[in-house]
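Engineer: Could you have a look at this structure, given as structure tokens, before my questions?
The values are calculated or read from the model by the stated rules, or taken from the named source; none is laboratory data. What you see is a predicted model, and the numbers here were worked out from it, not measured in a lab. Please note: Cβ atoms are built from the backbone with ideal geometry, for glycine as well, and neighbour counts cover all protein chains shown. Just so you know, the surface numbers come from the protein's heavy atoms only, side chains and all, with ligands and any DNA or RNA stripped out. Shrake-Rupley method; radii C 1.70, N 1.55, O 1.52, S 1.80 Å.
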Amino acid sequence: MKIVISGFYGLGNTGDEAILEAIIDNLRAELPNPDITVFSLSPEQTAKAHGVKSVYRGWRHDNKGKIRALREADLLISGGGGLLQDAYPTRFLFGPLPYYLLIVFLAKLCGTKVMFFSQGIGPINTKWGKILMRVFGNMADFITVRDEYSKQLLRRLGVTRPETVVTADIVFAFRPKEDEACVESLPLRGDEQLVAVSVRPWFHRRDYYWKIAKALDELIESEDITPVFVPMEGRHDIYASEQVVKQMAHGASCHILGPDFTPNQYLHFISLCRLTIGMRLHSLIFSALAGVPHIGLSYDPKVESLLKRSGMWDYSFRLDDIDAVKLVNNTRYMLRRRESLSRIVRQNAEQMRRDALENIRLLKEKFFRNR
């Protein structure tokens, strides 16, 4: 059986690379010798990292390779993650939304089945984006989405032909491996109270940097925490982390991990932390997987949805509503009740792991039942 996977791969985003690793590992665990090809911006790197075939994902070259892979495939997996959105500019052929939907269209022209896999849909606000979703979304043969919000949004957009099932982000089915690379890279004594921090740039917003900086300063003074910034998307998150540290009185007490660790290495590091304060969705998913209580700073409905499922929404904030004093108080509360909150997170994460594995079970049932 031949499968093509299309997503935001080979661009250094930790969350998307974790998605890819989780998909590949679970396909291999559940299907007999799947022949996997990944569309990637760094095809040689992707092929080496995962032992798969890989084709350049962009339109600039190797379009024949993409067409050949799709013609030979039994199934195109589009996903997972937040591929189908127009938060970034969407024009006729440019932006993430038209790119991924054109890959779907190309697959259907090649006679290949299509599954939207563990997708988080939206936001889709432009007229052009809504038209694209209605036209090309209805070409899919089957859809799984990672939250109820995404399912309802598809219905509002007029994507009604494919059966759509709510599961969970496939990263909840990630298969972790022991790896101390992150913690070994830091000049730590070994007795620190580590708090993972994940921040990202968000368009032209800057106000949340100083709020996080103020809260971390207070927590360093009163709780003796050691903040460690985890850059989930390379230089972009390094920049955001540096902006927070620059505004801190105790910036010297913080560490910023390097940008080139693997998803598994970042996951293992977060598992060693007492708490996570995070913007990036997959920093919070990693925390849930590891049973680490977490405070989310939500810039998107997908983040809020995850926090409600993990049981941590009551301690979290929408980006517009971050309050440094409340952030400090919530962190103190969670540090003092860490063990009981960890049990809640683990219980909820186990349910989401079962839901995540439904993506694979449903794929087998819908496309490879007799194989």
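Engineer: In square angstrom, what is the accessible area per residue of the chain with a 1.4 angstrom probe?
Structural biologist: Per-residue accessible area for the chain comes out at 42 Å².
Engineer: Using the structure shown, list the pairs from Lys66/Lys130; Lys177/Lys326; Lys151/Lys366; Lys48/Lys177; Lys246/Lys308 with a Cα-Cα distance above 30 Å, or answer none.
Structural biologist: In this structure, Lys177/Lys326; Lys246/Lys308 exceed 30 Å between Cα atoms.
Engineer: While we're here: Could you check the simple spin-label distance between Arg353 and Trp59, using points 7 Å along Cα→Cβ, in nm with one decimal?
Structural biologist: 4.2
Engineer: Next question, about the same structure. How are the C-alpha pair distances of the chain spread across 20 Å bins, as whole percents from the shortest bin up?
Structural biologist: 30, 57, 13, 0
Engineer: Find the centroid of the Cα atoms in the stretch 1-23 and in the stretch 314-371, then give the distance between the two in whole Å.
Structural biologist: 21
Engineer: Moving on to the next point. What do the square roots of 5 times the Cα gyration tensor eigenvalues come to for the stretch 38-181, in whole Å, largest first, as semi-axes of the equivalent ellipsoid?
Structural biologist: Three semi-axes, in Å: 24, 20, 15.
Engineer: At 1.4 Å probe size, with the rest of the protein present, what percent of the exposed accessible area of the chain is carbon and sulfur atoms?
Structural biologist: Here carbon and sulfur together make up 49 percent of the probe-accessible area.
Engineer: Give the shape of the stretch 187-340 as rounded, prolate or oblate, defined through the alpha-carbon gyration tensor: a ≥ b ≥ c are the square roots of its eigenvalues, a/c under 1.5 means rounded, and otherwise the shape is prolate if a/b is larger than b/c and oblate if not.
Structural biologist: Since a/c stays below 1.5, the shape of the stretch 187-340 is classed as rounded.
Engineer: If the viscosity is 0.890 mPa s and the temperature 25 °C, what Stokes-Einstein diffusion coefficient in µm²/s follows for the stretch 1-46 when Rh is the Kirkwood radius over Cα pairs?
Structural biologist: The calculation lands on 225 µm²/s.
Engineer: Let me ask another. Could you work out how far helix 148-157 tilts from the main Cα principal axis of the chain, as a 0 to 90 degree angle to the nearest 10?
Structural biologist: 50
Engineer: Roughly speaking, what is the stretch gain from Glu339 to Gln152, that is 0.36 nm per residue apart minus the C-alpha to C-alpha distance, in nm to one decimal?
Structural biologist: So the chain would gain 63.8 nm between Glu339 and Gln152.
Engineer: Roughly how many nanometres apart are two label points built 7 Å out from the Cα toward the Cβ at His250 and Glu223?
Structural biologist: Rounded to a tenth, the inter-label distance reads 1.1 nm.
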